[in-house]
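Right, one structure below, let's go through it.
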Amino acid sequence: MQTHPSDLYRKLPQVGELLHRSDFLRLQQTYSRELVAEALRSTLQELRGEINAGRHTEDSLNLQLHGLSTAVAHSLRHATRPSLRPVLNATGVILQTNLGRAPLSEAAIQHIVEVARGYSNLEFDLETGERSRRDLHVERLILNVIALKSGQSPSDLAHRSTVVVNNCAAANFLALNTLAEGGDVLVSRGELVEIGGGFRVPDILRKSGAILREVGTTNRTRLSDYAAAITPQTRLILRVHRSNFRMEGFTESPALEELLDLGNRASLPVFEDQGTGCIVDLAESGIQDESSWIQSASSDLALVACSGDKLLAGPQCGILVGAKPILDRIRANPLLRALRVDKLTYAALEATLIAYLTAAEETLPAIAMLRMPAEAIRARCVAMAERLRSTSAAVDVVETRSIVGGGTTPGASLASFALALRPSQMSETLFAANMRHLDPPVVVRIYEGRVLLDLRTIPPAEDALLAQLLRQALEPEQP
């Protein structure tokens, strides 16, 4: 005889009564009483819904009530677990924006810990005992890196200064608002780019209060196009890095020296959104013609912007380098306070820049990944494939191409190798989902019916962990 739902509802205990039970009192030693009570209410509400749907008998409900504290404990662990979690990136995309772009070096992480643990001299001069500027912590380092990598002496850059804000978009916005609010900014039509997340250069330019004046055509912009567009309302010439696409064929754009000469003749500053922050020579990795932050920042450009978490291989931030009078105006802009970075970003950026000054670039994970030889990756793939031979999946080692990503090096790729898995007991889509549900999650890519894991973006020290996680995903525990 089936139990009537009203009888089953009456078997559900009250929250107040349960909170005094020993198993729930133990939970309250870890979680607040309010949080436990809320989890109880939610779990009991789910049971009411199941009763209403006719999914319970008296026996099955008793079984659920017997395990009520276990269910509530699981709910509490899930509710209080951080949403932001480490993942293993097996996609082969080094600067994967959705996965946080450049991983930080151990030195950067250690410096963050040191600075975060207590107080710091963020805006305090230890020599004078007076208030100081927070960006001074990295200004000398930035200029010294530029001098070192460009073959200049630090004194050659004494006329330059820097500002650090929370990302490159903020750097652009702040610069445009400071230098060109209410005036015209000249931009080539071929540089009105859109990058990830729907961010468009024309949109941020308009929001800054500047007025966009397009010059040239999509594929060809000559110096004469810029010259013809200059009026008394022109405040700035803007040059934008084409971060995620490449133009080929019938194209033309003026050289940087030509734009600088035009700017000097018209008494207009030239501002370049270089974007990538590239310091190393990517030709060593087989990538040609990538825009160099060092070349731009050591030139006579009035202002240069770049990201910290792209090819500079540091934390998310936007770095402005330029003539001191220009940077003084930017520092006087009230918006700088809204866009500035905190002590943890400065700590990470300091450690990253020091790595370039001490010839320790290989300690920066993104740089190490860029330079990792394909044959070394192949050897790791072969070793991992051997560990997986006893599983039910077909495992091969295949050639593939890694990409830099993060809005850099459009069209370029790196020779690499990947594990290619074809699970026999599940679809590749289900297997990829299983990998994302592991601890830590693993992000893979699917190509031609197989799951590919490019080990370029997996630190070698995590190979054993990845092999263990793969076995776990291929052979899930049966309920």
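The values are calculated or read from the model by the stated rules, or taken from the named source; none is laboratory data. Keep in mind that this is a model prediction, so the values were computed, not measured. In this analysis, Cβ positions are derived from the backbone assuming ideal geometry, glycine residues included, and neighbour counts consider all displayed protein chains. Ligands, DNA and RNA are stripped out before the accessible areas are found, and what is left, the full protein with its side chains, is counted by its heavy atoms. Shrake-Rupley method; radii C 1.70, N 1.55, O 1.52, S 1.80 Å.
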| remark: If we keep only residues of the stretch 387-402 that are assigned to a strand (DSSP E or B) and not polar (S, T, N, Q), then the residue least open to solvent (accessible area, probe 1.4 Å) is Val395
| Does at least one position in the stretch 168-188 carry a residue that is among the aromatic types (Phe, Trp, Tyr), under 28 Å from Val341 (Cβ atoms), under 29 Å from the mean Cα position of the chain (by Cα) and at pLDDT 90 or above? | yes
| task | With the condition kept exactly as written, say whether any residue in the stretch 361-368 is out of contact with any helix residue (DSSP H, G or I) (no Cβ under 7 Å at 6 or more places or on another chain) and among the polar types (S, T, N, Q). | result | no
| said: Quick check on this structure: which one of Val270, Val304 is open to solvent by less than 20 Å² (accessible area, probe 1.4 Å) and either closer than 19 Å to Leu95 by Cα or out of contact with any Phe, Trp or Tyr (no Cβ under 9 Å at 6 or more places or on another chain) (or both)? | reply: Val270
| said: For the stretch 32-109, give me every one of the helices (runs of 4 or more DSSP H) that falls completely inside it and has 2 or more residues that are surrounded by 19 or more Cβ atoms within 10 Å (Cβ to Cβ). | reply: 33-52, 68-80
| task | Identify all residues within the stretch 432-454 that are assigned to a strand (DSSP E or B) and open to solvent by less than 20 Å² (accessible area, probe 1.4 Å); write none if there are none. | result | Val442, Val451, Leu452, Leu453, Asp454
| note | In the stretch 257-273, anything free of Cβ contacts under 8 Å to residues at least 60 places away in the same chain and of a type in the set (Asp, Glu) is listed as Glu257, Glu258, Asp261, Glu272
| note | Selection over the stretch 403-416 where residues are outside any loop (DSSP other than H, G, I, E, B), open to solvent by less than 20 Å² (accessible area, probe 1.4 Å) and farther than 16 Å from Asp289 by Cα yields a count of 1
| note | Out of (1) within 16 Å of Leu143 (Cβ to Cβ); (2) under 23 Å from the mean Cα position of the chain (by Cα), the one Pro315 does not meet is (1)
